[in-house]
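What follows is a set of notes on a single structure, which appears directly below.
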Amino acid sequence: MIETNVLTITQLEHRYGGVTVLAVPFFELARGRHALLLGPSGCGKSTLLHLLGAILTAQAGRIEIDGVDLAALAPRAADDWRGRHVGLLPQQLALVSSLCVRDNVLLPAYAAGLPADEQRAQALLAGLGLADKAHAMPHQLSGGQRQRVAIARAMYTQPRLLLADEPTANLDDRACATVVALLARQARDANASLLIASHDARLVAALPGAAVLRLPARGELPCAA
Ligand SMILES: Nc1ncnc2c1ncn2[C@@H]1O[C@H](COP(=O)(O)OP(=O)(O)OP(=O)(O)O)[C@@H](O)[C@H]1O
């Protein structure tokens, strides 16, 4: 069987205000594999996740995901593509404090103007050990529970890519392994690829078999100002 890539990056560059903050000459990820985007603070990990989620558009180079060239998507098409294919677990979780847990999980449906599938939200919450928290407010949850709500929200649309930004920051070794195993299980159950951006070197052991993209510190970029 021919192995196809879920992701191919070529000659990618991103600049803010004329300053190059990210350069990835080449990276490919075979279908069914996960990836770690590793590097020190400020090297461009969040920027790369936002490029992969078509939230940002690169100034140079190409990102191809499941055969789609992200730069070729018009803004509306990018929103639509993201809504159907990408689950994003942001570093700050970004739960809406005025909405209960269930409505936070349903946010992708509200955002896309789609009917809310409450059974799916409940099933996701149950799978993450939060069956009894559907009507709780975010401030009534522990940090770990809030993170699991954000994971449920990211998985709501059955994405092909699950992008997680620093999901293990400030966690001890045991919690780190638990969270990574949880994310990997969610990705496997959804037949999705998990991409984790982090400065946390423990992830190499926590996610064995993952492809690793190491981003250099900014001062080491060939074009860094
Ligand atoms: N909107 C923006 N405008 C200008 N510069 C930005 C913007 N967003 C990020 N940067 C800069 O781009 C560089 C990369 O930022 P990014 O957040 O992608 O790094 P990171 O590796 O995720 O960092 P950290 O690990 O600290 O979260 C940093 O120098 C940052 O200051």
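Since every read-out is calculated from the coordinates, none of them should be taken as a lab result. Note that the coordinates shown come from a computational prediction; the quantities given were computed from them, not determined experimentally. Here the Cβ is made from the backbone with ideal geometry for all residues, glycine too, and neighbour counts use every protein chain on show.
Starting with the fewest neighbours, write out LEU161, LEU114 ranked by other beta-carbon atoms found within 10 Å of each beta-carbon.
On the way: LEU161 25, LEU114 12.
Exposure proxy ranking, most exposed first: LEU114, LEU161.
Given the options PRO115, PRO90, PRO138, state which has the largest fluctuation in a GNM of the chain using a 10 Å cut-off (strictly under) for Cα springs.
Of PRO115, PRO90, PRO138, the most mobile in the Gaussian network model is PRO115.
Dipole size in debye (nearest 20) for the chain around its Cα centre, Lys and Arg Cβ +1, Asp and Glu Cβ -1? Working shown, then result.
Details: 21 positive and 19 negative charges, 37 e Å.
Rounded to the nearest 20 debye, it is 180 debye.
Any idea what diffusion coefficient the chain gets from Stokes-Einstein, in µm²/s, Kirkwood Rh on alpha carbon pairs, 20 °C, 1.002 mPa s? Write down the numbers at each step before the final one.
Numbers: Rh = 18.0 Å.
Using the Kirkwood radius from Cα pairs, D works out to 119 µm²/s.
Measure out, as a whole number of angstrom, how far apart the alpha-carbon centroids of region 137-155 and region 1-76 sit.
For region 137-155 versus region 1-76, the Cα centre distance is 27 Å.
If I build a Gaussian network model for the chain, linking alpha-carbon pairs within less than 10 angstrom, which residue out of LEU107, LEU141, LEU37 has the largest mean-square fluctuation?
LEU141
What is the packing order of peptides 63-69, 30-36, taking the mean over residues of other C-beta atoms within 10 Å and listing the highest first?
On the way: 63-69: 15.6, 30-36: 17.7.
Sorting 63-69, 30-36 by mean packing, highest first, produces 30-36, 63-69.
When the helices in the chain are scored as -39500 (n - 2.57) per DSSP H run of 4 or longer and the sum is shared across all residues, what 222 nm value do you end up with, to the nearest 500 deg cm²/dmol?
When only DSSP H runs of four or more count, the value is -9500 deg cm²/dmol.
I want the antiparallel fraction of DSSP beta bridges within the chain, as a percent rounded to 5. Kindly include the intermediate steps, with their values, before the conclusion.
Working: 17 of 34 bridges.
Around 50 percent antiparallel, to the nearest 5.
Just to verify a number: FRET efficiency for ALA126 and ALA30, C-beta to C-beta distance, R0 = 35 Å, to 0.05? Intermediate results must be reported in sequence, preceding the final value.
Working: r = 32 Å, r/R0 = 0.91.
For R0 = 35 Å, the calculated efficiency reads 0.65.
Would you mind ranking MET155, MET137 so that the residue whose beta carbon has the fewest other beta carbons within 10 Å leads the list? Don't skip to the end; give the middle numbers.
On the way: MET155 24, MET137 16.
Final ranking by Cβ density, sparse to dense: MET137, MET155.
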